[in-house]
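To start, the structure itself, in structure tokens.
Values quoted throughout were computed directly from the atomic coordinates according to the rules given, and no laboratory measurement underlies them. This is a predicted model, so every value here is computed, not measured. Ideal geometry is used to build each Cβ from the backbone, glycine not excepted, and the neighbour counts take in all protein chains shown.
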Amino acid sequence: MHELATIDYIIIGIYLAGMVSVGLWFAKKHTDFEDFFLAGRSLTTPLLITTLISTYYGIDVLFGDSQLGFTNGVVAWFGYARPTYAFFLIAAFLLAHRLREDDFKSLPDILDKYYGKKTRYVGAVTSFIYSLPALSLYGFGMLGDVILGWEPIVGMLILGGIALVYTLTGGFWAVALTDSIQFVLMCVILALAFPYAMKLIGGFDAMIEVLEPSYFDTMGDMSIWLIIIYASTGLSILVDPTFYQRIFAAKSYKNVRNALVIGIFIWGSYDWIITILAMAAKVAVIQGTLPMDVPPDAALLKVMVAALPAGALGLFMAGVLSTEMSTLDSYCLVAGGNVAYDIYKPAFKPEATDQELIKTTRQGILLSWVLGFIMAISFDQMLGLWVFMASILISSVMVPILLGMYVPKFRKPLAGFLSAGLGLGSTVILNIYIMTNGVFDVEEETYIIQWFGIDFIQEFIMYITVPISLIGFFVGVIFDKGDPHE
Amino acid sequence: MSNWEIFTWITVVILGLGSVVVFILFLKDIKEILKKFNKEEK
């Protein structure tokens, strides 16, 4: 599809060079580990809005929302995107305040305080696996191919490599600053894209006329079970390590609360426009402007290439790259912190200096990038990997963190360890079992296995693993006769 | 103009103008932060 003009390539080149420059500028400016990992706990509301939004809106949202909008219509927003805003509100008003009450630096820090070192290490491993940038690197491979005509592995190495360089050198300051540039780029370009798309298809009324009425049915024809599953993926925000990192990096709780409340309007608008643009792509296919065989996940890019003029298209593509870079950099940094601060320091070198921690975090960032790269080139079905990574965090640390946070008498070391350990173990085992013994259903885009006469899809694993984590927790509460931790 | 279209234009305004306003506020904050870095360096 690489039908870009010279000006588009220049814009993309300037954007990529700018990202690296920010990282290099910050390379030697960190005074200590807290400055490197949490930007000195000085993020203001605007910085929090930009870094939160750009981190959560990766390519999976861009193409996941648009794919559903292309095939099903507005249900992509009402059924898939909208429930997550409720979790953002819960995070703003019920969670963030509690997290700011202590001097935490990372998610495993919380587990350590509530349940001790063993649970900390399980949480650190879970957070590290969850933060591996396999999906982002896979996305870069796809973007390099679609936008620039590169082999996927070249896109992963060059585009993913740029994000790696500025994260390694600049730490959280570079991540937050590049996120802010990426935020404005992706939002403004998306807003500008709407009138161009309408011009291409003959206006909004044409869309209503051409598409089937079901495209405007707010709940579409999705089953209630699938809607519950989609909605429950939003739970991950409540235990997402990059989200926690931003809460810890904020100047105050009020900054976090305000950023989340304002952010919901921008998140909602972003999701809605993606959905409408994808529906415009469907109209373009019906009208013959786009080919009939356009893949649903590439529909958004295709309609933008057809609608946007030279220059604007380069900005849009830079915005798409931004969407993914801002996700990769944040997760790599968290994974690096898990290695250095959550495992290396408490387990091997409690007296490690800040400079040693920064050095080890950088090594951890590199390790996570390399492991993510190996996964990205090894897995055939990235959707299966996505489900695995999304479920691992909810299944392992959600129960001990939330119960420990709100019921201090439950803070028994055995409870935390059993809950996190059994949740992690069962998620890994069940996912591997289904991905190796199940069949990948191309239509449903998921692994399916026959269990007791029913089609059990990979997404349903959380219905088993979360109860396992919960049972493990209460078994621990009952059998641990000691006092609550602390 | 349908309700769907009106809603979409509202989201366009929120996304376009909202993000620019947030970015301007961000630039204001970042000036102070960069000044702090430059001072520490000196």
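Overview of values
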| quantity | calculated |
| --- | --- |
| Ranked A:LYS113, B:LYS28, criterion: other C-beta atoms within 10 Å, fewest first | B:LYS28, A:LYS113 |
| Ascending count of other beta-carbon atoms within 10 Å, so fewest first, for A:SER395, A:SER426, A:SER330, A:SER378 | A:SER378, A:SER426, A:SER395, A:SER330 |
| Tilt relative to chain A, helix A:413-437 - C-alpha long axis, 0 to 90 degrees, to 10 | 40 degrees |
| Simple spin-label estimate for B:LEU27 and A:ILE377 in nanometres, 7 Å along Cα-Cβ | 4.2 nm |
| Order of A:ARG98, A:ARG411 - criterion: other Cβ atoms within 10 Å of each residue's Cβ, fewest first | A:ARG98, A:ARG411 |
